[in-house]
Every structure is written in structure tokens, then in C-alpha cells.
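Novice: What follows is a structure written as C-alpha cells; I'll ask about it next.
The values are calculated or read from the model by the stated rules, or taken from the named source; none is laboratory data. Everything numeric in this text was worked out from a predicted model, so none of it was measured. Neighbour counts run over all protein chains shown; Cβ positions are idealised from the backbone, glycine included. For accessibility, only protein heavy atoms count, side chains too; no ligands or nucleic acids. Shrake-Rupley method; radii C 1.70, N 1.55, O 1.52, S 1.80 Å.
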Amino acid sequence: MAHKATAQRARRGTTAHAHADRPSGGTAEDRIIELAVRSGMPRMMARVHVDLLLSEDGRRTAAELVRRLKVSPASVSVAVNSLVQYGYVRRERDPQRRRDIYVVDDEAWYHSMAISAQQTLESAQAAMAAAETLGPDSPVGQRLLRAGTFLERVIEDLKESADRWRTLLM
């Protein structure tokens with residue numbers, strides 16, 4: 001009885017196994033979600049992102065996402081906050097209805113790559129700083145210096161490539 005009451009309070013409408021009857025990878029949407037999950041994106045974040053990507057205009061409100069995905073408002077909120085943080089989605093304010101609209105546009109891919117590149121560059125710089133602290137001639141220092149240098153150069157190439165090909169998104 002407690003389990004039933006909790007499920008009703010969650011207002012989810014579906015259980016964790018609601019889609020167990022669907023064949024795995026059945027739809028294009030399912031396959032895209034699975035690819036995102038395998039690459040490390042949390043499942044709810046992937047579901048929200050793919051729903052936005054496959055929408056006609058790339059825009060949805062939180063209420064629309066809740067209704068379409070049959071999940072709680074809190075689940076959508078957490079997923080959207082992460083998507084915004086990583087540059088996949090942006091928020092727009094609807095002043096008439098006083099609610100946020102979540103938007104994925106063509107530039108989202110560029111912005112998400114730029115954010116990821118910056119985070120990796122910070123990791124490379126931290127590794128090189130640690131190498132200096134530990135001594136660049138020590139085995140650990142040499143390993144960290146090589147890793148930091150490698151990451152720094154690859155990220156610079158990635159940023160140049162993203163800038164060069166950005167016009168494909170416009």
C-alpha cells in the first residue's frame with residue numbers, strides 16, 4: 001500500500017518499467033537516446049535533449065516536457081539545468097505566460113563543444129601546474145606534463161575546427 005501511495009504522489013503516470021514492452025532500439029528516438037546514454041549522458045537528460053531535438057521548432061516548456069515524457073517536474077528541471085550548463089539547451093523567458101521555454105537550436109552543438117573544450121583545457125592546465133609542483137623531472141611530473149600538453153594541443157585543434165565548420169550550423 002505504501003508503494004502504491006508513493007507512486008500516486010509522484011504523479012509520474014508511468015513506472016520505471018513502463019517501456020519494457022518496447023523493443024530495445026526500436027525507434028530512431030530510442031536509438032539516439034541509447035547512444036547518448038552510452039556516451040555518458042544521464043538517461044533523463046538524454047530523453048529531454050532528444051525530445052527537444054526532434055520537436056518541430058526545437059522549443060518546449062517544462063510542462064510540455066513533463067507531459068510528453070511522463071515524468072515528474074523535478075526530473076525535467078534537473079535534466080534541463082544540466083543541459084543548459086553544458087550548452088545543449090538555452091532558456092528563454094515567455095513574459096506573457098511567465099514561464100521558461102527551453103530551446104535547442106543549431107548553435108547548441110557549437111556551444112556545447114566550446115564548453116566541453118574549456119573544461120578539458122582547464123584539466124590540461126591543472127595537470128601541467130601539478131607537474132610543475134611535483135617536479136617536471138619526476139616520473140609523475142613528466143606523465144602529467146605529457147598528458148596536459150597532449151590535451152591542450154588536441155583541444156586547440158578542436159576549437160579551431162569547430163570555428164572553421166561553425167558555418168555549417170547556420
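Novice: Using a/c under 1.5 as the rounded threshold, could you call the chain rounded, prolate or oblate? The axes a ≥ b ≥ c are square roots of the C-alpha gyration tensor eigenvalues, and prolate needs a/b larger than b/c, oblate otherwise.
Specialist: Cα axes put the chain in the prolate bin.
Novice: Quick check: the angle from helix 43-54's long axis to the longest principal axis of the chain, C-alpha only, nearest 10 degrees?
Specialist: That works out to roughly 80 degrees.
Novice: Only Cα pairs within less than 10 Å get springs; with that Gaussian network setup on the chain, which residue of 65, 151, 52 has the largest fluctuation?
Specialist: Ranking 65, 151, 52 by mean-square fluctuation puts 151 first.
Novice: Shifting gears a bit: Per residue, how many Å² of accessible area does the chain show with a 1.4 Å probe?
Specialist: Here the per-residue accessible area is 68 Å².
Novice: While we're here: Which FRET efficiency value, to the nearest 0.05, do you get for residue 169 and residue 96 by plugging their Cβ-Cβ distance into 1/(1 + (r/R0)^6) with R0 = 25 Å?
Specialist: So, using R0 = 25 Å, E works out to roughly 0.25.
Novice: Ok, one more. With the full set of protein chains in place, find how many percent of the accessible area of the chain is carbon and sulfur; take the probe as 1.4 Å.
Specialist: Carbon and sulfur: 55 percent of the exposed surface of the chain.
Novice: If you line up the long axis of helix 139-165 against the longest principal axis of the chain, both from Cα atoms, how many degrees apart are they, to the nearest 10?
Specialist: Tilt relative to the chain: about 60 degrees.
Novice: Helix-only estimate, please: 222 nm mean residue ellipticity of the chain, summing -39500 (n - 2.57) across DSSP H runs of length 4 or more and dividing by its residues, to the nearest 500.
Specialist: One gets -20500 deg cm²/dmol as the mean residue ellipticity at 222 nm.
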